[in-house]
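Each value in this text was obtained by applying a stated rule to the coordinates, not by laboratory testing. Keep in mind that what you see is a predicted model, and the values were worked out from it rather than measured. Neighbour counts are summed over all protein chains in view; Cβ atoms, including those assigned to glycine, are modelled from backbone coordinates with ideal geometry.
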Amino acid sequence: MHEDDSAGGESLISPAGPSADATPLADPPDNVTASARQWARSPSGIRGLLIYLVVAALAAAAGVGTTLTVQHISSARPGATRAAPDAPEPAVMNDEAVYNEVEPGIVDVTSNLRYLQETAEGTGFVIDAAAGLVLTNNHVIDGATSVTVTPVMSGKSYPARVLGYDLTDDVALLQLPGATGLKAVTLGNSAHVRVGTLVLAIGNEAGQGGSPTVAPGVISSLDRTIVASDQSSGLIETLHGVLQTNADIRPGDSGGPLADAAGRVIGIDTAAGGNTVYSGYAIPINQALPIAKRIAAGQPGARIQIGMPASLGVLLPDSTSTDPRRQASQELRQTGVVSNSGHSCTSDDTAAVPGSIAPARSGALVDGVLCGTAAATAGLFAGDVITSIGGRAVTSPGSLTAIVSHYRPGGKTPLAWVSPGGSLHTATVTLDAGPAG
């Protein structure tokens, strides 16, 4: 049975809100707070990878849906078949009954990709109604500066707080402060899943919103390792231990629930594709929940980001060199584009190599400045070289990124840079939040 927001039970997180300080994260962070159906898909599909790539690219270009495309699939590990569940598993799937059980906990996730001037649509599901916690994929919010979540039952949208995410395991945890009437899904045990387990993939196909679409199928393999990509963002990731299914997972389904025949969520719809035979892939719920609990407890790690990252709002060369001119030459070889003027900001994350470069021996070359950010407010332009932030020397683009990663959004920190004319500038900047990922 579902639990509503008035039900008892243990909440995953405490009710306190996150700090807006820009103090380094070396100190532990504060705890964060706590109809018409569409049955339009076939149970399975045989689609070549090329066809799926086209579908994914069209969806991304339109800003309507996000699902990773699988590029490579490893062989399943020997002996990976799981034990049968303790309770007898239904021999048939009642799609509508499972849908009715899971639907109250499903949400649509809309990510505002401000610096790409796009939106991305995905799915999520409530795992703690009292605390307003929503589980989804990290790639659903990758590049987001803000996220909106809409429970499908109410249709009311809420600005979501990004509590944190794990880039490596492609898991993100959101919170809906002030949301009422939420229902949590019933969580299953993915350790009991075996080949042949009946499943139903549910999601926000093509970012259409409203009543979710469904795709029935079976688990066809376990413990797979896949290399998957998101065509819109360029994200490429390797995921381990995923469930493989012939359920027809499509763009927009990412972050949605994969349920068993009893209506228990056993996985997160994540990727799709294949070499010759179509397959969908889901992160096992037993793999995702420990990550969600750690995020909810405000425990950062090497792979876990708590909250949105701090951002200065500058575009940097993809270079490890300490010499700004060498950074520019390496970037030029990659892009082949030189900017005529650096005295303007940009509304997206596309930048060219500056035509004029500050005469600094080391530092981080600024390829561009995003409009409305801390860097733009301080008066930085393309061609400037950042030499220090927070009293710490900046020796390369990577060192600037590393230093900023230790700060939280919303606070102030001193910044120093050299302009192409050779002048030294200083300012106190207020760091922005995001983008995620």
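Here are some notes:
- Between LEU365, VAL353, HIS406, the Cα set farthest toward the positive side of the dipole of the stretch 310-433 (charges on each charged residue's Cβ, about the Cα centre) is that of HIS406.
- Here the simple spin-label model places points 7 Å from the Cα toward Cβ, and for LEU332 and ALA191 these points are separated by 5.9 nm.
- Under 5 Å between amide hydrogens, built in the peptide plane, is the criterion, and for VAL171 it picks out ASN138, ASP166 among residues at least 5 positions away or on other chains.
- Over the stretch 249-392, Cα pairs under 8 Å with separation of 6+ residues give a relative contact order of 17 percent.
- Pairwise inverse Cα distances across the stretch 180-281, averaged and inverted, put the Kirkwood hydrodynamic radius at 14.0 Å.
- The stretch between ARG392 and VAL227 holds 55.6 nm of extra length on full extension. This uses 0.36 nm per residue minus the Cα-Cα distance.
- For the pair SER347 and ARG361, the difference between a 0.36 nm per residue extended length and the Cα-Cα distance amounts to 2.1 nm.
- The magnitude of the dipole of the stretch 85-201, with charges of +1 and -1 set on the Cβ of Lys/Arg and Asp/Glu and taken from the Cα centre, is near 400 debye.
- Inter-site label distance for THR426 and ALA97 at 7 Å from Cα along Cβ, in nm: 7.2 nm
- Karplus-derived 3J(HN,Hα) values for the stretch 264-271, using 6.51 cos²θ - 1.76 cosθ + 1.60 with θ = phi - 60°, are 9, 7, 10, x, 10, 4, 9, 8 Hz; glycine and proline are entered as x.
- The amide H of VAL199, built 1.01 Å from its N in the peptide plane, has GLY217, VAL218, ILE219 as neighbours under 5 Å, considering only residues 5 or more places off or on other chains.
- Relative contact order for the stretch 340-437, counting Cα pairs under 8 Å that sit 6 or more residues apart, in percent: 27 percent
- Taking a point 7 Å out from the Cα of THR401 in the direction of its Cβ, the residues of the stretch 368-389 whose backbone N falls within less than 15 Å of it are 368.
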